[in-house]
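Notes follow once the structure below has been shown.
None of the figures in this text is laboratory data; all of them are computed from the coordinates on show. Since the model is a prediction, treat every value here as computed from it, not as a measurement. Every residue, glycine among them, receives a Cβ derived from its backbone with ideal geometry; neighbour counts consider all protein chains shown.
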Amino acid sequence: MPRLTDPDPASFPDEVATFLGKLPPDPMVKMMSHSTGTVKPFVEFARTLFTSLELPDRARELVILTVAAHTDGTFVAAQHDPMARSAGVDERTRQPVRDRQIDSPELSEADRALVRFTAEVVRHPRVSDEVFDEARRFLSDRELVEVLQVAGYYWSFGRIATVLNVEVTKVYDDEPVLGTSSDTTGV
């Protein structure tokens, strides 16, 4: 059960109400709308992470799944496992990520470098030179910064879900989880 009740949409400023009214119903967006000053830029940044990165979609989804695995982000994992599959991340790659097996031989050298880098980012304030240098072999400077931005966004998104007990009600590919009819925003 969520720790906060749903906010009252009548209390939203007009700009926020209009923005939220254009989105499909989503439990995370609803929870985030308690902060009317940040919900719109937060959702818009998610859109940016899907439209403006040099980082390939497949790599973005590996980063998100790694963040979810290392933060117990069940909500994020449920939403992004099908998205990762659609982005070309096969089950043999997704499973070791879910299991936090960052050195799994099932991961390609490039995937292992990305997953290790992301796991270090999530678990520690600094990344070792070894892990950084390994990631740099496969990622451009821009992509490294984008990995940090994606990891930071989904760490925050996941913490909203875990701390406030936001329940997964429907996943990205429209499979109901708890018998509700909510849609997702794809964030």
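Rounded to the nearest 0.05, what FRET efficiency do Ser140 and Asp72 have when you use their Cβ-Cβ distance and R0 = 30 Å?
E between Ser140 and Asp72, to the nearest 0.05, is 0.45.
Given Cβ point charges of +1 (Lys, Arg) and -1 (Asp, Glu) and nothing else, what value in debye, to the nearest 20, does the dipole of the chain about its Cα centre take?
280 debye
Let me spell out the model: positive unit charges on the Cβ of Lys and Arg, negative unit charges on the Cβ of Asp and Glu, origin at the Cα centre of the stretch 1-98. What dipole size does that give, in debye rounded to 20?
The calculation lands at about 240 debye.
I'd like the orientation of helix 74-86 relative to the chain: the angle between its Cα long axis and the longest Cα principal axis, in ° from 0 to 90, rounded to 10.
Long axis of 74-86 versus the principal axis of the chain: about 60 degrees.
With an 8 Å cut-off on Cα pairs and a minimum separation of 6 or more residues, tell me the relative contact order of the chain in percent.
31 percent
Taking only the Cα atoms of the chain, how large is their convex hull per residue, in Å³?
Output value, Cα hull per residue: 118 Å³.
Provide the FRET efficiency to the nearest 0.05 for the Phe132-Asn165 pair, computing r from the beta carbons and using R0 = 35 Å.
0.50
So what is the calculated 222 nm ellipticity per residue for the chain, using -39500 (n - 2.57) for each DSSP H run with n of 4 or more, over all residues, to the nearest 500 deg cm²/dmol?
After summing the helix terms and dividing by residue count, I get -18000 deg cm²/dmol.
Taking amide hydrogens as modeled 1.01 Å from N in the peptide plane, which residues meet the under 5 Å criterion relative to Leu164, leaving out close sequence neighbours?
none
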